[in-house]
Amino acid sequence: MSSHREVVVTGMGAVTPFGVGVDRLWENVRSGRSGVEWISSLGELDRQHYPVRYAGEVKAFNVDDHLKKHTEVRREKSVQMGLAAAREALEQSKLLSDDETLESEAPVGVIAGSGHGSCHESEGQNKNYFTRGPRSVRPTTIPKCMFNSLSSNLSMHFGLHGTNHVIASACSSGTAAIGLSRLLIKHGYEEIVLCGGADSPLTPLLFTCWTNMRVLAKHAEPGKASRPFDRQRNGMVLGEAAAMVVLESRESAERRGANILARVVGYGASSDAHDITSPHRDGQIAAMRHCLSDASADPDQVDYINLHGTATLANDETEAAAVVDVFGRRGASMPASSTKSMLGHSLGASGAVELAICVNALRDQFVPPTINCDDPDPDVGLDYVPHEGRRHEINLAMSNSFAFGGNNACLLVGRDG
């Protein structure tokens, strides 16, 4: 098996607060629009218990509008969004026939990431148990609530017979899924892998848990709430999303005549081994350096970083310091933005969404902005591209994902040709 196979992106799909489709995602992110609005799916939230009542919510989404074949997934929104994103990615990659049947001589694998898994399904059955008793719990609860419900439904719906895994490493799940897919292809274990992430944490119990954790941003205007790297930042904004990409070897892509969108040239991961919630600079530095090493790239070759940038006090300060440590003087002046300022934090899906943004940034040679960064914190000083995006030469772009539990993962993508 070759250890030097080039890994390329041939398809992308996304479901975000801006709607279904990578083009809609990029159009809005590029323009600096916010997708954070008042939550509609949880009903009227009591202000006494829920001082934060907005999120990057995917509204008016009906999975049947985006699939040609019927799916039995009816309660679990994260899986539904994953299916819609996967269909777009597979179709762009020329792997689907008109009737949504896979067209590939080689088995196609699937590795998906999720931070909370099938939380709508599990919460619904918990409610049945505690309000109506044991007999009300459906016999299908176990297979529908397992974390691998996401990857298994993707595999079954589209006929993907390769490797089948789910990665659960909190907010780095989607990034890790893409990174591990890269490694399988690079070393010859797979030709093609559908990979990415999906999360939908807007359930009554989960939203209450995040609220009581006191990490959610408070602001009078939803669109102004997510303020990464701003002096007045006071917390993260939850979001929901799904993004899937098709990775394959260059040989496979060229043999099939697929359009190559970008190259995935590096992946790095590390564990802080420090604290379950507090980020640690050393772990983030290690992940970025591992990523550069995997790509055989020097820090001065990177032209843009899509930062993890959650807008919490500790995360932003730690990440900015880690970037400067890895990139030196270049780190302080290189464009580095947080698109969570527009989308909120979609947890295990965020890294996959941000990779899709990086691929579009490479294509258009354009850096998306960090909105709401009105007064950049001098203690975390980088070029955050505040308010408006800008044209910029980008040959290599890094995407950072730093998660609860100290799970760090980074990807490096490059232009093709």
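A few comments on the model shown:
- By the count of neighbouring beta-carbon atoms within 10 Å, fewest first, 103, 354, 72, 123 end up ordered 72, 103, 123, 354.
- Cα-based radius of gyration of the range 267-414 once divided by 2.2 N^0.38 Å, which approximates compact folds: 0.93
- Rounded to two decimals, the Cα radius of gyration of the chain over 2.2 N^0.38 Å is 0.92.
- Note: the range 193-298, Cα convex hull, 184 Å³ per residue.
- The trypsin sites (Lys or Arg not before Pro) of the range 45-111 that DSSP puts in a loop, and whose beta carbon has at most 14 other beta carbons within 10 Å, are 47, 59, 68, 69, 74.
- A cysteine counts as unpartnered when no other cysteine's C-beta lies under 4.7 Å of its own; in the chain this applies to 119, 145, 171, 195, 209, 358, 373.
- Net charge contributed by nearby residues that have their C-beta within less than 14 Å of residue 288 (K/R +1, D/E -1): -4
- With contributions of -39500 (n - 2.57) from each DSSP H run of at least four residues, the per-residue ellipticity at 222 nm computed over the chain stands at -10000 deg cm²/dmol.
Read the figures in this text as sums done on the coordinates, not as results from a lab. Owing to the predicted nature of the structure, the values given are computational and were not obtained by experimental measurement. A quick note on method: Cβ atoms are made from the backbone with ideal geometry, for glycine too, and the neighbour counts reach across all protein chains shown.
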